[in-house]
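Coordinate-derived values only; no laboratory data. This one's a predicted model, so the numbers in the text were calculated from it and none came from an experiment. Cβ placement follows ideal geometry from the backbone for every residue including glycine, while neighbour counts extend to all protein chains displayed.
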Amino acid sequence: MNRNDRSIVGLTMLAHGMVHTYELSVPIFIPLWLAEFDVVSLGPVEVAVTSATLGLLVTVGYGLFGLGALPGGVLVDRVGSRRLITVCLVGMATAFLLLGLAPGLVAITFAMIVWGVSASVYHPAGLALLSKGVEQRGTGFAYHGIAGNLGIGLGPLLTTLLLVAFDWRTVAAILAVPALLAAAYAVRASFDETAAVEPATDGGDAGGAGGSKASSGVDSLSEFVAESRLLFTGSFALVFLVVMMSGLYYRGVLTFMPELLDGLPGFEPVAVASLLPGGLADALGGLGGREVAPANYVYSGLLTIGVVGQFVGGKLTDRIPVERGIAASFGLLGVLALLFLPVANLGFAPFLAFGAALGVMLFIVQPFYQATVAEYTPAGTRGLSYGFTYLGVFGVGSFGGAVAGAVLTYANPPTLFAVLAAFGFVASATGVVLARK
């Protein structure tokens, strides 16, 4: 990669890691919120706190994470990526400071709203920057994905380790610091945001890199409607179905995974003192009496190993048709959903191997659909295109958490994983249709 490529990839890797550090730290807090809060007070109305309740709570923040991607996509075509990435980082830090001050679930919901709105602009800004400024786009997507997975895995791990020594409010406040430091770096970064964009050609359609609005974005509501219609009258409509299914699967399988694993053989909480030599355990005093949850560490490891999936997926997008990659990878995700509970019930060790495979496949799909968006959309509305993409992934996809919470409350885990398998198989079938087209 050249100097401009490295500068862009460095910034987007840092910001992407931050976004997912916060996103996937929230499920670590969910068991603590279930234990601490019995009801949500809404004026004269009190609502019991259940998995369904918390599923809806996190869906508010996660939903805005996706819904805000669309206006974020419009903005990135107008004001550029650097400004939006900086705003995103400052906003996420503010959200976790608010979370650290939250006295109850209403305040927690407000903090999640601030986080969702702030984080929502990152993916259209970061991915548009990569697709328009980096010459080696597939490699750029791969490194970008690796950084995201480091945040996805290390964020929950850092949260879990901090919870051994601090209460969850203090941990949330501490987690705000890295985003503030990353924002300071974003202000200083220097690069050409459009170095890899070829000059626009006359004519064209939404299926290529040139075409409509190849360099200017949208200026009005009428242009927004026209460009959106152009996108969805082509094969991008099928790509959008794929990313919706991906988001529903992703959020559905991850939101309650620590809670699900807690109740399975081999995942029982363990006292810190039992893991340490006697003298050291005595020296720790009350800290030695705290418990660690193996489920949290397995969850973090599963997410961290997704780095392999991101890297392999990014490299494969440069070597095989992305449509075939989508068909194969989502089909495997459907199969893994059906195998999740049978393998988990075998115990801790068998699930480690299975979790590694799930972690790889869960993230190998992301470079495929990111590259597919770039193949099926014009450069000038690339921000808008990725805005729609992450509206599907994190907006529509956010309902995966609500679906998971409702199914776990009113049905059972096997039903949940059957639903998740259906999401994977629908996306796989759509990839087959794209390949034939």
(request) Within 10 Å of each residue's Cβ, count the other Cβ atoms and sort Thr170, Thr59 from fewest upward. (result) Thr170, Thr59
(request) Treating the angle as unsigned and between 0 and 90°, give the value, to the nearest 10°, between the Cα long axis of helix 221-232 and the longest Cα principal axis of the chain. (result) 80 degrees
(request) Name the most mobile residue of Gly63, Gly104, Gly138, meaning the one with the largest mean-square fluctuation, in a Gaussian network model of the chain with Cα contacts below 10 Å. (result) Gly104
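Find how much the distance from Val39 to Asn412 grows on full extension, using 0.36 nm per residue of separation minus their present alpha carbon separation; answer in nm with one decimal.
So the extension gain works out to 132.0 nm.
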(request) Given the peptides 228-235, 332-339, 253-260, 409-416, arrange them by the average over their residues of other C-beta atoms within 10 Å, most packed first. (result) 253-260, 332-339, 228-235, 409-416
(request) Could you work out the relative contact order of the chain, using alpha carbon pairs under 8 angstrom and six or more residues apart, expressed as a whole percent? (result) 28 percent
(request) Measure off 7 Å from each Cα along the Cα-to-Cβ vector at Ile174 and Ala435, then give the distance between these two points in nanometres to one decimal. (result) 4.7 nm
(message) Counting only Cα atoms, I'd like the Rg/Rh figure for the chain, Kirkwood definition for Rh.
(response) 0.98
(request) Subtracting the Cα-Cα distance from 0.36 nm times the residue separation, let me have the gained length for Leu161 to Ala226 in nm, one decimal. (result) 18.4 nm
(message) For the chain, what does the helix formula give at 222 nm: sum of -39500 (n - 2.57) over DSSP H segments with n ≥ 4, over the residue count, nearest 500 deg cm²/dmol?
(response) -25000 deg cm²/dmol
(request) Neighbouring Cβ atoms within 10 Å as the yardstick, rank Leu181, Leu105, Leu84, Leu341 fewest first. (result) Leu181, Leu341, Leu105, Leu84
(message) Charges at C-beta only: +1 for Lys and Arg, -1 for Asp and Glu. How large is the resulting dipole of the chain about its Cα centre, in Debye rounded to 20?
(response) 700 debye
(request) Please name which of His16, Phe96, Val177 has its Cα lying farthest along the dipole of the chain towards the positive end, using unit charges on Cβ (Lys, Arg +1; Asp, Glu -1) and the Cα centre as origin. (result) His16
(message) For region 99-184, compute the orientation-averaged projected area of the C-alpha convex hull (one quarter of its surface), in nm².
(response) 6.6 nm²
(request) Neighbouring Cβ atoms within 10 Å as the yardstick, rank Thr317, Thr50, Thr389 fewest first. (result) Thr50, Thr317, Thr389
